[in-house]
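A.B. asks: Below: one structure in structure tokens.
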Amino acid sequence: MVQVVLVDDHPMVRQGLRALLTLYEDLELVGEAENGIEAVRLVEKLRPHVVVMDINMPVMNGIDATQHIKTRWPQTVVVGISVNTGDENSAAMKKAGAATLISKDDADEQLYDAIREGTSATRLELAA
């Protein structure tokens, strides 16, 4: 089972992503956070395989949270998700350590694959 933490400041977005992730028997949602600080604390406590991370949030944004998480727990896969996936945000998330950045509009088609690709790549890196 791939353990996943969802991070988004909008409850309705988290609800939609939660519903999407429950469609997959090999994913287990283990926690939710509404800002980057909560996300870092949850990763420290739960050590999930994957964090689905929004970029624009109060308190600590997703880019900074991703950098904190990847520095302390480099094996954790971060999949960025945003309404704005332009080059600047994409580059910032990749620089922070995210595996990818996908559009919230395309999450229903791309999120599962992004999670699976990220966890497969991490397993290959750990095996090498």
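The values are calculated or read from the model by the stated rules, or taken from the named source; none is laboratory data. Just so it is clear, the model here is predicted, and its values are computed rather than measured. In this analysis, Cβ positions are derived from the backbone assuming ideal geometry, glycine residues included, and neighbour counts consider all displayed protein chains. To get the accessible areas, we keep the full protein, side chains included, count just its heavy atoms, and leave off ligands, DNA and RNA. Shrake-Rupley method; radii C 1.70, N 1.55, O 1.52, S 1.80 Å.
A.B. asks: Kindly provide the set of residues from the range 19-40 that are surrounded by 14 or more Cβ atoms within 10 Å (Cβ to Cβ) and of a type in the set (D, E, K, R), ordered by number.
C.D. replies: Once the filter is applied, which keeps residues that are surrounded by 14 or more Cβ atoms within 10 Å (Cβ to Cβ) and of a type in the set (D, E, K, R), the range 19-40 yields Glu28, Glu32, Glu34, Glu38.
A.B. asks: Let me ask something else about it. Here is a list of conditions, (1) assigned to a helix (DSSP H, G or I); (2) open to solvent by less than 70 Å² (accessible area, probe 1.4 Å); (3) under 17 Å from Val4 (Cβ atoms), and Asp113 meets all of them except one; can you say which number that is?
C.D. replies: If we test Asp113 against (1) assigned to a helix (DSSP H, G or I); (2) open to solvent by less than 70 Å² (accessible area, probe 1.4 Å); (3) under 17 Å from Val4 (Cβ atoms), just (2) comes out false.
A.B. asks: Let me ask something additional. Can you tell me which residue among Val83, Val78 is at negative phi, open to solvent by less than 50 Å² (accessible area, probe 1.4 Å) and in contact with a strand residue (DSSP E or B) (Cβ under 9 Å, 6 or more places away or on another chain)?
C.D. replies: Val78
A.B. asks: Do the conditions hold for Ala91, that is, is it in contact with a Lys or Arg (Cβ under 9 Å, 6 or more places away or on another chain), over 27 Å from Leu23 (Cα atoms) and either open to solvent by 10 Å² or more (accessible area, probe 1.4 Å) or of a type in the set (Gly, Ala, Ser) (or both)?
C.D. replies: No.
A.B. asks: Give me a count of the residues in the range 1-16 that are of a type in the set (Asp, Glu) and either open to solvent by less than 10 Å² (accessible area, probe 1.4 Å) or in contact with a helix residue (DSSP H, G or I) (Cβ under 7 Å, 6 or more places away or on another chain) (or both).
C.D. replies: 1
A.B. asks: With the condition being touching a Leu at 6+ places or on another chain (Cβ under 6 Å), I'd like the helices (runs of 4 or more DSSP H) fully within the range 1-107 carrying at least 1 qualifying residues.
C.D. replies: 11-21, 87-96
A.B. asks: Scan (1) in contact with a helix residue (DSSP H, G or I) (Cβ under 8 Å, 6 or more places away or on another chain); (2) open to solvent by less than 20 Å² (accessible area, probe 1.4 Å) for the single condition Thr119 breaks and write down its number.
C.D. replies: Failed condition: (1).
A.B. asks: In this structure, is Val52 touching a His at 6+ places or on another chain (Cβ under 7 Å) and either among the charged types (D, E, K, R) or buried (at least 19 other Cβ atoms within 10 Å of the Cβ) (or both)?
C.D. replies: Taking the combined requirement at face value, the residue does not satisfy it.
A.B. asks: Let me ask you something else. Would you mind finding the one in Lys45, Lys70 that is at pLDDT 95 or above, closer than 20 Å to Ser120 by Cβ and basic (Lys, Arg)?
C.D. replies: None of the other options fit; the residue is Lys70.
A.B. asks: To continue, here is another question. Taking Ala107, is it under 16 Å from Val5 (Cβ atoms) and hydrophobic (A, V, I, L, M, F, W, C)? Don't jump to the end; show me each part of the working.
C.D. replies: On the way: under 16 Å from Val5 (Cβ atoms): yes; hydrophobic (A, V, I, L, M, F, W, C): yes.
Taking the combined requirement at face value, the residue satisfies it.
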